[in-house]
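K.L.:
My structure is below; once you've seen it, I'll send some questions.
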Amino acid sequence: MRPVRAIGALALVAILLAAPARADASPARVAALQSALQGLHLYRGYVDGIAGPLTRRGVLALQRRRHLAVDGVAGPRTRRALGWRGRPGLGSRAIRQGNRGWDVAALQFLLQRAGHGPGRADGVFGPLTRAAVVRAQRAAGVAVDGVAGPVTIRSLRGGPSAADTPTGPVRFLRPVDGPIADGFGAPRSDHTHQGLDFPVPYGTRVGAAGVGTTIFAGYNYGGFGNLVVIQHRLGFTTWYAHLSTITSWVGEEVVGGTRIGYVGSTGASTGPHLHFEVRRYDTPIDPAPLLLSTVAARASGARPATGVATPAAECAGKHREPRQPRPGADWIARERLCAPR
Ligand SMILES: [Zn+2]
């Protein structure tokens, strides 16, 4: 036990000595590092800006591979070993479409954190990142040109904005009409279940769980099969996996209930069902408490449980949303649901 304690004390000293360099551990920098490591297949976690053991393990692996001092700290030499993914620093240039690198990944993380998309931080500034910059500039009330200069970066750096803070409960619509079989956290052979499974028949129509933009629509080789991912505000994404057919496309703007595909059994699936995930800042969370009960209640013929709001009840009641969602309004599923159609 003693050596472990000694190492702990040393680590504490190191942390204290390193205190002035704390900016190095800012979430955007950690996210850029995670993105770069991910690009080199050295990091399998989420780009969440949190420096945890997986991130450190990735740095150690890189340092070992490149015969650098193996200390787990992403200093200048380690950054250089990341190639184009390790430079330039955020703020050193106005970032625009066609750029790639460390600053692009950091920017993508900041955009994502503020709920503007683009859905992933891969260090490559494409059309979806540009669209996210435009959304962020509009929200911040700065000049809208799709180029992330100092003003735009500063507006994103201030931390989660008002628009990023839910002012009330966040809710999603059920993507299909049916019960839930396997819940979040159910045991699997080598991991726990990251979403909900709806065992509904092949060909069942799948609807978007709320207002957002499709950021992925295609085949995923990681086991999801035919997959649609929708970016919502406030840093949320919803995932619809194993589809037989995809009817949405990248860039499509959807509202709650928009058809995005049909249930199938593609990818790592043992039979027709919809695998549904909700992620916040790319980290899966339990969707069950966030789901409205309407569809399930209708399917079973039962009335919704007391105290569970349904869209119809909400639209009739005091929560009625204006035609245009207020900034900070958090009822993702309903944003335009209550508006006259
Ligand atoms: Zn599943």
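Computed from the coordinates by the stated procedures, all read-outs in this text should not be read as laboratory data. Bear in mind that the values here come from a model prediction, so they are computed numbers and not experimental data. Cβ atoms come from the backbone with ideal geometry, glycine included; neighbour counts cover every protein chain shown.
K.L.:
When a/c is below 1.5 the answer is rounded, else prolate if a/b is larger than b/c, else oblate, so apply that to the range 69-128 with a ≥ b ≥ c taken from the square roots of the Cα gyration tensor eigenvalues. Before the final figure, lay out the partial values.
P.N.:
Numbers: a/c = 2.44, a/b = 1.78, b/c = 1.37.
Taking the square roots of the gyration eigenvalues as a ≥ b ≥ c, the range 69-128 is prolate.
K.L.:
Sorting check: for 170-181, 143-154, which peptide has the highest mean count of neighbouring beta carbons within 10 Å, and how do the rest follow? Walk me through the numbers before you get to the answer.
P.N.:
Details: 170-181: 20.0, 143-154: 16.9.
Result, highest mean Cβ count within 10 Å first: 170-181, 143-154.
K.L.:
What shape does the range 92-201 have by the C-alpha gyration tensor, where a ≥ b ≥ c are the square roots of the eigenvalues, rounded means a/c under 1.5, and otherwise prolate means a/b greater than b/c and oblate the rest? Intermediate results must be reported in sequence, preceding the final value.
P.N.:
On the way: a/c = 2.68, a/b = 1.99, b/c = 1.35.
Prolate shape, in that a/c is at least 1.5 and a/b is the bigger ratio.
K.L.:
At each listed q (0.11, 0.18 Å⁻¹), what is the log10 of I(q)/I(0) that the Debye formula gives for the range 135-255 modelled as equal alpha-carbon point scatterers?
P.N.:
Debye intensities relative to I(0), on a log10 scale: -0.51, -1.07.
K.L.:
Something else now. What list of ³J(HN,Hα) couplings, whole Hz, do you get for the range 37-48 from phi and the Karplus terms 6.51, -1.76, 1.60, once you set θ to phi - 60° and write x for glycine and proline?
P.N.:
Each residue's phi maps through the Karplus curve to give 5, 4, x, 9, 6, 10, 9, 10, x, 8, 7, 10 Hz.
K.L.:
Give, in whole angstrom and from largest to smallest, the semi-axes √(5λ) of the equivalent ellipsoid of the range 201-272, with λ running over the eigenvalues of the Cα gyration tensor.
P.N.:
Numbers: eigenvalues 78, 33, 18 Å².
Sorted largest first and rounded, they come to 20, 13, 9 Å.
K.L.:
In whole Å and largest first, what semi-axes does the C-alpha gyration tensor of the range 24-101 yield when each eigenvalue is scaled by 5 and square-rooted? All intermediate terms of the calculation are to be shown ahead of the outcome.
P.N.:
Working: eigenvalues 79, 39, 26 Å².
Equivalent ellipsoid of the range 24-101: 20, 14, 11 Å, largest first.
K.L.:
If we sort 229-239, 214-224 on the protection proxy, mean other Cβ atoms within 10 Å, highest first, what's the order? Intermediate values should be presented prior to the final figure.
P.N.:
Numbers: 229-239: 23.5, 214-224: 16.4.
Highest to lowest by the protection proxy: 229-239, 214-224.
K.L.:
Okay, moving on. Go through the range 114-123 residue by residue and turn each phi into a ³J(HN,Hα) via Karplus (6.51, -1.76, 1.60, θ = phi - 60°); whole Hz please, and just put x for glycine and proline.
P.N.:
8, x, 9, x, x, x, 8, 10, 10, x
K.L.:
List, largest first, the extents of the alpha carbons of the range 45-150 along their principal axes, each in whole Å.
P.N.:
For the range 45-150, the Cα extents along the three principal axes come out at 45, 23, 19 Å.
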